[in-house]
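The values are calculated or read from the model by the stated rules, or taken from the named source; none is laboratory data. Small disclaimer: the values here were computed from a predicted structure and weren't measured. Note: accessible area is taken over every heavy atom of the protein model, side chains too, but ligands, DNA and RNA are not part of it. Shrake-Rupley method; radii C 1.70, N 1.55, O 1.52, S 1.80 Å.
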Amino acid sequence: MKRFLSLLVFLFSLYSCSVPNYYVENKTQDFGVDFTNGKWMLNKIDAPLQVEDKLKKNALHDFKALLDDRLIAIEDVKGQLLPKKIPLQPTKETLKELKIGTNFDYIINLKASNLKQDFDSVSLTNHKFQNGEINSNEVIIEIYDLSLLEIIYSQKVIGSASIPENSSSDVHFSKSSNSLILGAYKKLMKELKNKSIK
């Protein structure tokens, strides 16, 4: 038993862990939105394939909790002519077409992307070659008022995992890129909910 415990202590000494950091970029976004009225559309989520379904599931759950049946995913909008893809920062013309074509009041854009992806959740690399940030991702939300044809809320959260500067380990555990995206999304929603009228 003593031998096993000694081996365990030795193995733990060979690896290090990183704590993810989440940074809210738009500090000047002092207010949220009024969720108490209107019909809302959740645009098709733009995200890496491996995390797209999970992100959509989380977004539908969170926004339905705020909006109930006043929220519809764009894929479920029936009988309407919609643009094939509505990007971030759509033009006023696109917003106008959406308003005329759907009669919705608001549209939510959500985009997640990898900024840097050096390692998976476990990396086996000589510590001499490891340096600083290893994974970095961002999640962006935009909310548009289709009657005013303008953006009413915009926020970005960047999630990152870094190897500690003083690490001498060759085995390193960190959040995967997909986990960082989901963590950044969670931080984003917390920020939005705290500043909004529900």
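Annotation: amide H-H contacts under 5 Å for Val33 (H modelled 1.01 Å from N, sequence separation of 5 or more, or interchain): Ser196, Ile197.
Taking amide H positions as modeled 1.01 Å from N, with prolines and chain starts lacking one, the residues under 5 Å from Ile152 and 5 or more places away or on another chain are Ile143, Tyr144, Asp145. Across the protein chains, with a 1.4 Å probe defining accessible surface, the residues Asp62, Asp30 rank Asp30, Asp62 from largest area downward.
Derived scalar couplings between HN and Hα for the range 66-76 equal 8, 10, 6, 7, 7, 9, 9, 5, 4, 5, 9 Hz in order, rounded to whole Hz, by the Karplus curve 6.51 cos²θ - 1.76 cosθ + 1.60 (θ = phi - 60°), x for Gly and Pro.
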